[in-house]
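Q: Before I ask anything, let me first share the structure, which is written out below as structure tokens.
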Amino acid sequence: MQDYYNSLENDCSLGNDCYGMKGLNLLLEFSDLLGDKDIDLNHVIAQLGDHLNAERIILAILNRENEQIFIEGAYQINDEEKEQIKYNPGQGVIGSVIQSGESVLIPKIADSNLFLNLTHSPLTVNGEDVSFICVPIRYKNHIIGSLSFHKVYSKKRLFDEDVRLLRIVGSMIGRAVRRRQEYAEELEQLRQENQILRGELNGHIQANFIVGNSGKMHDVFSLIGSVANTDATVLIRGESGVGKELIADAIHYNSLRKEQPFIKVNCAALPENLIESELFGHEKGAFTGAIGTRIGRFEAAHSGTIFLDEFGEIPLSTQVKLLRVLQQREIERVGGTKSIKVDVRVICATNRDLEKLIANGGFREDLYYRINVFPVYVPALRERINDIPMLANHFIEKFNKRHNKNIKRITTMAIDMLMVYHWPGNIRELENCMERACILCSDGVIRAHNLPPTLQTAVSSRTSESGSLDLILGKHEKQLIIDSLVSTKGNMSKASEILGITERMMGIRIKKYEIDPKRFKNK
């Protein structure tokens, strides 16, 4: 029995044949279900109980605040019992497993002094003894709970396969539970800070500019509140589509210059041969077609604010003149000789890696230090995922007005799909997605099928992959190799570098999957 106890500690692999198609499908379904932070864990536990043919299953979680262990989910235990039962670390089998981090097998609970039976589990079923197995749930080297089950004992039955499945599901549940704990703790912290933050920020940040209540967005709000009433140059950084222009709006309209001009310039949209004329203006006859004197954007923004979007796209020849503007607050029109003083607050924004541009000679280092006085980083949508429900409701209200709709809500499944998507296009992509969903919605409720195909999950679209895990992973690995060879036109060295593997490993996989790199050379 000691040898068997030690076998519980062996590492397990999803690739074992013992799981079969039924076990693999169960894990795939659990993976989708546990992606929902609002999932009822009792539902997951019940499915696991049916699969294991267990008499009872108990999911116990360690409360990080009071160090008590409570039952978070159970199979064949009523809610009243669950609420009443509490363990301390080291108490009974469950408490011991959570304290020690080691699995425990009790072949016959009727003969065990360690088994406290606080849940009043039957000691026998139809005259047969009941076994109890408990495994720890780990998350990042921390024990956060345990998963255990009761099953009819048999001398002929080995529980290895059941224990392996229990461990894997426990690991999956552990991640979901910790996310839920962190979300609840963050929510509580935000609730406590909300009154203070709103009191401090509402006087500085107008609510109609930016939607968000996550911790990272509160950091952005704090920076805006600190810099808005100064004349400091601001550099707004972040990926495309995160809302950098909205940050610039908030800074200007909460500044002392809010009643003065606010001029916006998209530097990437201006041709290189016209950008100086647009920014600084030109004198009559300065070039062919200059039939009169024209003031530039900096003069138009005098006493106000100028917002230079896509600042990293400005050519080097213009960067020299911008440096003078920032240093001396004066400009010269194209074709002119007179210096013109301008009182302008400058806000710049870019999604480019300016440090890399400097290293490659594409951006002036002295200009970088002039604009990087007060940097504000706007997080990508995937970094503020908890803001998605709020943003979705905001866009529903917006498009209700624009398209004369009466959409009242969005379903939980649709929200789940929005929450698990990686959003490479950030807020802009989410806005487009919600507008499409609003247009397609016909019954006042946005559902999963109203969302774009790129957001559909395996469960929502009913396209779960079939086959063993090795087969499924092999398909994906082969496709990744093909994609890398296509992008490098069959260059194995570059393709292996993209995938982060050696050329030797690439050669082994190409041979394994019978891929001919030569056929990608002309693609």
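All of the numbers you see were taken from the coordinates with simple rules; none came from a lab. Nothing here was measured: the structure is a model prediction, and the numbers come from that model. Note that we place each Cβ from the backbone using ideal geometry, even for glycine, and neighbour counts take in every protein chain shown.
Q: Please name which of Ala380, Gly215, Asn432 has its Cα lying farthest along the dipole of the chain towards the positive end, using unit charges on Cβ (Lys, Arg +1; Asp, Glu -1) and the Cα centre as origin.
A: The residue sitting farthest along the positive end of the dipole is Asn432.
Q: Straight-line reach from Lys401: which aspartates and glutamates fall under 19 Å, measuring Cα to Cα and dropping same-chain residues less than 8 apart?
A: Straight-distance partners of Lys401: Glu431, Glu435, Asp443.
Q: What label, among [x] 24.5, 69; [y] 30.8, 106; [z] 22.3, 66, belongs to Rg and Dmax of the Cα atoms in Å computed from the structure on display?
A: [y]
Q: For Arg56, which sequence-distant residues (separation of 5 or more, or a different chain) have an amide H within less than 5 Å of its own amide H, given hydrogens modelled in the peptide plane?
A: Distant-sequence amide H within range of Arg56: His150.
Q: From Cα pairs below 8 angstrom and at least 6 apart in sequence, can you work out the relative contact order of the chain, rounded to a whole percent?
A: Numbers: 778 pairs, mean separation 55.6, N = 523.
Taking the mean separation of contacting Cα pairs over the length of the chain, I get 11 percent.
Q: Next question, about the same structure. Enumerate the calculated ³J(HN,Hα) couplings along the range 104-115 in order (Karplus 6.51 cos²θ - 1.76 cosθ + 1.60, θ = phi - 60°), each rounded to whole Hz, writing x wherever the residue is Gly or Pro.
A: Once θ is set to phi - 60°, the couplings for the range 104-115 become 9, 10, 10, x, 9, 5, 5, 9, 9, 7, 6, 7 Hz.
Q: Check the straight Cα-Cα distances from Lys518 and name the lysines below 26 Å, setting aside those fewer than 8 residues away within the same chain.
A: Excluding near neighbours in sequence, the set is Lys475, Lys478, Lys489, Lys494.
Q: Rounding to the nearest 10 and keeping the result within 0 to 90°, find how far the Cα-based axis of helix 469-487 lies from the longest principal axis of the chain.
A: 20
Q: Then there is this: What ³J(HN,Hα) values, in whole Hz, does the Karplus curve 6.51 cos²θ - 1.76 cosθ + 1.60 give for the range 426-442 when θ = phi - 60°, with x put for Gly and Pro?
A: Values per residue, Gly and Pro as x: 6, 4, 4, 5, 4, 4, 5, 4, 5, 5, 4, 5, 5, 5, 7, 5, 10 Hz.
Q: Let me ask something else about it. Set the Förster distance to 41 Å, then compute FRET efficiency between Asn25 and Glu245 from the Cβ-Cβ distance, nearest 0.05. Before the final figure, lay out the partial values.
A: Values: r = 46 Å, r/R0 = 1.13.
According to the calculation, E is roughly 0.30.
Q: Assuming 0.36 nm per residue, please report the length gained on full extension of the stretch Lys258 to Leu316 beyond their Cα-Cα distance. Each step should come with its number before you reach the end.
A: Working: separation 58, 0.36 × 58 = 20.88 nm, distance 3.13 nm.
Gain on extension, Lys258 to Leu316, equals 17.7 nm.
Q: While we're on this one: As a check on your grasp of the helix formula, calculate [θ] at 222 nm for the chain: sum -39500 (n - 2.57) over DSSP H runs of n ≥ 4, divide by the residue count, round to the nearest 500. Don't jump to the answer; show the numbers that get you there.
A: Details: 20 runs with 228 residues, N = 523.
The per-residue figure over the chain is -13500 deg cm²/dmol.
Q: Another one. How much length would be gained if the chain were fully extended between Gln76 and Asn53, taking 0.36 nm per residue of separation minus their Cα-Cα distance, in nm to one decimal? Mind showing how you got there, number by number?
A: Working: separation 23, 0.36 × 23 = 8.28 nm, distance 1.18 nm.
Fully extending the segment from Gln76 to Asn53 adds 7.1 nm.
Q: Antiparallel as a % of all DSSP beta bridges within the chain, to the nearest 5?
A: On the way: 34 of 54 bridges.
About 65 percent, rounded to the nearest 5.
Q: From the backbone phi of the range 509-519, what are the Karplus-calculated ³J(HN,Hα) couplings (6.51 cos²θ - 1.76 cosθ + 1.60, θ = phi - 60°) in whole Hz, Gly and Pro given as x?
A: Going residue by residue, I get 6, 4, 5, 4, 9, 6, 9, 9, x, 4, 6 Hz, with x marking Gly and Pro.
Q: Report, for the range 252-368, the % of DSSP beta bridges that are antiparallel, rounded to 5.
A: Details: 5 of 15 bridges.
Among the beta bridges of the range 252-368, antiparallel pairing accounts for roughly 35 percent.
Q: Which listed residue (Ser255, Val242, Leu279) has the Cα farthest towards the positive end of the charge dipole for the range 236-282, taking +1 on Lys and Arg C-beta and -1 on Asp and Glu C-beta about the Cα centre?
A: Ser255
Q: For the range 66-138, with only Lys/Arg (+1) and Asp/Glu (-1) charged at the beta-carbon, what is the dipole magnitude about the Cα centre, in debye rounded to 20?
A: Working: 4 positive and 10 negative charges, 40 e Å.
Taking the Cα centre of the range 66-138 as origin, the dipole is about 200 debye.
Q: Another question about this same structure. Which of the trypsin sites (Lys or Arg not before Pro) found in the range 213-267 are loop residues per DSSP with 15 or fewer other Cβ atoms within 10 Å of their Cβ? Please report the intermediate quantities before stating the final value.
A: Values: sites: Lys216, Arg237, Lys244, Arg257, Lys258, Lys264; in loops: Arg257, Lys258.
Sites meeting the loop and neighbour criteria: Lys258.
Q: Taking the Cβ-Cβ separation of Ala359 and Lys108 as r and a Förster radius of 56 Å, what is the calculated FRET efficiency to the nearest 0.05? Let's see the in-between values first.
A: On the way: r = 69 Å, r/R0 = 1.24.
Result of the calculation: an efficiency of 0.20.
Q: Could you size up the charge dipole of the chain around its Cα centre, putting +1 on the beta carbon of Lys and Arg and -1 on that of Asp and Glu, and report it in debye to the nearest 20? Intermediate results must be reported in sequence, preceding the final value.
A: Values: 65 positive and 68 negative charges, 377 e Å.
That gives a dipole near 1820 debye.
Q: Obtain the nm distance between the two label points defined at His422 and Asp32 by a simple spin-label model: each point lies 7 Å from its Cα along the Cα-to-C-beta direction.
A: 2.0
Q: Under 1.5 on a/c is rounded, so check that first for the range 66-173, then, if it is not, pick prolate when a/b is larger than b/c and oblate when it is not; a ≥ b ≥ c are the square roots of the alpha carbon gyration tensor eigenvalues. Before the final figure, lay out each step's value.
A: Numbers: a/c = 1.67, a/b = 1.23, b/c = 1.36.
Verdict is oblate for the range 66-173.
Q: Here's something else I'd like to know. Where does the range 217-342 land on Rg(C-alpha)/(2.2 N^0.38 Å)?
A: Numbers: Rg = 15.6 Å, N = 126, 2.2 N^0.38 = 13.8 Å.
Against the compact-globule rule of thumb, the ratio is 1.13.
Q: Here is a further query. If you place +1 on the Cβ of every Lys and Arg and -1 on the Cβ of every Asp and Glu, how big does the dipole about the Cα centre of the range 259-387 come out, in debye to the nearest 20?
A: 260
Q: May I ask which residue of Asn229, Ile143, Tyr75 lies farthest towards the positive end of the charge dipole of the chain, with charges of +1 (Lys, Arg) and -1 (Asp, Glu) on Cβ and the Cα centre as origin?
A: Toward the positive end, the furthest listed residue is Asn229.
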